[in-house]
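Asks: There's a structure below that I have some questions on.
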Amino acid sequence: MSRLLTLALALAAAAPAQKLGSADEARATMAALLKIGVAPPPVAATLHSAKEEDGLVIEDVSWESLDGERVPAYLIRPAGASAPLPAVICLHGSSGSRESETTKQFGMGPWLRHGQKTPHQRLLGWARELARHGYITLTLTQRGLDRRLPDTNDQSKDLLVRGRTLMGALVHEIRQGVTYLQQRKEVRSNRIGMTGMSFGGITTFYTWIADPRVAAAAPICGGVGSVDVFLRRGSRGYHGFYWWIPDMLSKGDQGDFAAAMAARPLMLWAPLSDIGMPKEGVDRFLEVVQPAYAKTPGALVVHRPPGEHEFTLEAFGALKEFLDRFLKR
């Protein structure tokens with residue numbers, strides 16, 4: 001490590017973050033860091049097609065987001081529901097897409113990532129499975145992934161020199177998804193949750209902070225813990241440019257922002273050997289967040305099983321239990 005980099009890290013460590021106060025203050029601070037607005041963004045979605053399969057209605061929709069980007073999504077809802085249902089925004093990881101989460105098959109299986117020649121194993125069809133259990137799910141392909149090119153690193157560089165961030169652009173279009181769900185008469189507008197794996201886990205976490213309309217959030221292997229600890233103990237090359245939010249640690253670490261949201265339900269799935277979220281970082285997160293949630297026992301749920309960076313059937317079971325508890329009541 002160069003002397004200049006060592007000095008920069010030492011200065012950053014020596015400068016304490018400002019203490020975050022209320023949830024509104026933390027939310028406004030996060031919006032400023034992400035270079036996005038505080039108010040919910042508008043959306044005008046287009047329905048391209050709809051079909052019914054096995055008691056579910058599957059709608060192919062899209063909407064225009066920032067920079068003329070078009071966000072492709074599937075909305076899946078139980079056919080013939082007699083009353084509005086809770087909804088869940090479902091977000092894939094860097095090797096997935098809206099298609100991988102909505103396959104008819106539910107369970108571990110091979111998936112061929114766009115642009116690759118060799119399939120890999122992943123949990124398939126989990127957004128459709130949630131719909132089978134009484135949820136309306138909105139599954140979108142995230143910007144910079146799958147066919148939404150250029151890739152995340154290229155887009156991050158472009159946006160950074162323009163005074164913006166890719167994480168902000170991602171959160172903006174997910175928040176548009178919340179707005180869209182609130183427009184749907186089939187949805188209980190105050191029971192919208194979200195979850196995601198890996199890339200989708202971290203975008204879930206920051207959207208939960210930025211948008212009070214998200215009633216419950218469950219990042220799965222989402223790189224949530226401590227940015228400060230990750231700098232010291234993690235593999236910096238693991239996360240792309242999208243993960244690094246400029247100036248964040250001068251305002252607060254991930255735990256500081258989560259603590260300001262105390263009482264709003266949050267679940268972390270944090271395997272002990274997950275390369276994207278070292279266990280020491282999760283330890284730091286809990287040191288800060290657990291005391292803030294002391295008055296609302298049960299609203300903070302943290303699973304730390306043995307294992308690595310993977311969305312397992314066990315994780316899905318924990319996710320469903322969490323969503324049922326906070327979105328179906």
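Asks: Under a cut-off of 21 Å between alpha-carbon atoms, report the lysines in cross-link reach of Lys295, not counting same-chain residues fewer than 8 places apart.
Replies: Reachable lysines: Lys19.
Asks: Taking 0.36 nm per residue of sequence separation and subtracting the Cα-Cα distance, how much length would be gained by fully extending the chain between Thr46 and Asp24, in nm to one decimal?
Replies: 4.7 nm
Asks: Excluding residues on the same chain fewer than 8 positions from Lys157, give the lysines whose Cα lies under 24 Å from its Cα.
Replies: Lys35, Lys251
Asks: Per the helix-only calculation at 222 nm, which mean residue ellipticity applies to the chain, given -39500 (n - 2.57) for every DSSP H run of n ≥ 4 and division by its residues, nearest 500 deg cm²/dmol?
Replies: Result for the chain: -10500 deg cm²/dmol, rounded to the nearest 500.
Asks: Related question: For every other residue with a beta carbon closer than 13 angstrom to the beta carbon of Thr203, add +1 if it is Lys or Arg and -1 if Asp or Glu, then tell me the sum.
Replies: 0
Asks: Which aspartates and glutamates have a Cα less than 13 Å from the Cα of Lys104, not counting those fewer than 8 places away in the same chain?
Replies: Excluding near neighbours in sequence, the set is Glu52, Glu53, Asp54, Glu129.
Asks: Picking from Gly222, Ile36, Ser100, whose Cα lies most toward the positive end of the charge dipole for the chain (charges on Cβ: Lys, Arg +1; Asp, Glu -1)?
Replies: Ile36
Asks: Using only Cα atoms, find the angle between the long axis of helix 199-210 and the longest principal axis of the chain, and express it within 0 to 90 degrees, rounded to the nearest 10.
Replies: Helix 199-210 sits at roughly 80 degrees to that axis.
Asks: Sum up the charges of everything whose Cβ sits under 15 Å from the Cβ of Glu314, counting Lys and Arg as +1 and Asp and Glu as -1, but leave Glu314 out.
Replies: Once all neighbours under 15 Å are counted, the net charge is -2.
Asks: Output the relative contact order of the chain, whole-number percent, from Cα pairs under 8 angstrom with separation of 6+ residues.
Replies: Result for the chain is 18 percent.
Asks: Enter the Cα centre distance for the pair segment 162-211 and segment 264-329, rounded to the nearest angstrom.
Replies: Taking the Cα centre of each part, segment 162-211 and segment 264-329 sit 19 Å apart.
Asks: Students often check this: by mean Cβ neighbours within 10 Å, which of 128-139, 144-155 ranks highest, and how do the rest follow?
Replies: Most protected by this proxy first, the peptides run 128-139, 144-155.
Asks: Can you tell me the order of 39-51, 221-233 when each peptide is scored by its average per-residue count of other Cβ atoms within 10 angstrom, highest first?
Replies: Ranked from most to least packed, the peptides come out as 221-233, 39-51.
Asks: Quick one: which residues, 5 or more positions from Leu85 or on another chain, have an amide H under 5 Å from its amide H? H modelled 1.01 Å from N in the peptide plane, none for Pro or chain starts.
Replies: Those lying under 5 Å, H to H, from Leu85 are Val187, Arg188.
Asks: Which angle from 0 to 90°, rounded to the nearest 10, does the C-alpha axis of helix 279-292 make with the longest principal axis of the chain?
Replies: Helix 279-292 and the main axis of the chain meet at about 80 degrees.
Asks: Roughly how many debye, to the nearest 20, is the charge dipole of segment 24-327 about its Cα centre, given +1 on each Lys and Arg Cβ, -1 on each Asp and Glu Cβ, and no other charges?
Replies: 200
Asks: Of the labelled options (i) 46, 44, 38; (ii) 60, 56, 47; (iii) 62, 47, 39, which one gives Cα extents along the principal axes in Å as computed for this structure?
Replies: Entry (iii).
Asks: Here's another thing I want to ask about it. If packing is taken as the mean number of other Cβ atoms within 10 Å per residue, what is the order of 235-247, 267-279, highest first?
Replies: Packing order, densest peptide first, comes out as 267-279, 235-247.
Asks: How much net charge surrounds Ala39 when only other residues with a Cβ under 12 Å from its Cβ are counted (Lys, Arg +1; Asp, Glu -1)?
Replies: In short, +2.
Asks: For Val302, which sequence-distant residues (separation of 5 or more, or a different chain) have an amide H within less than 5 Å of its own amide H, given hydrogens modelled in the peptide plane?
Replies: Placed amide hydrogens put Leu268 under 5 Å from Val302.
A short reminder: the numbers here are calculations on the coordinates, not readings from a lab. These numbers were taken from a predicted model, which means no experiment stands behind them. Every residue, glycine as well, gets a Cβ built from its backbone with ideal geometry; the counts of neighbours run over all protein chains shown.
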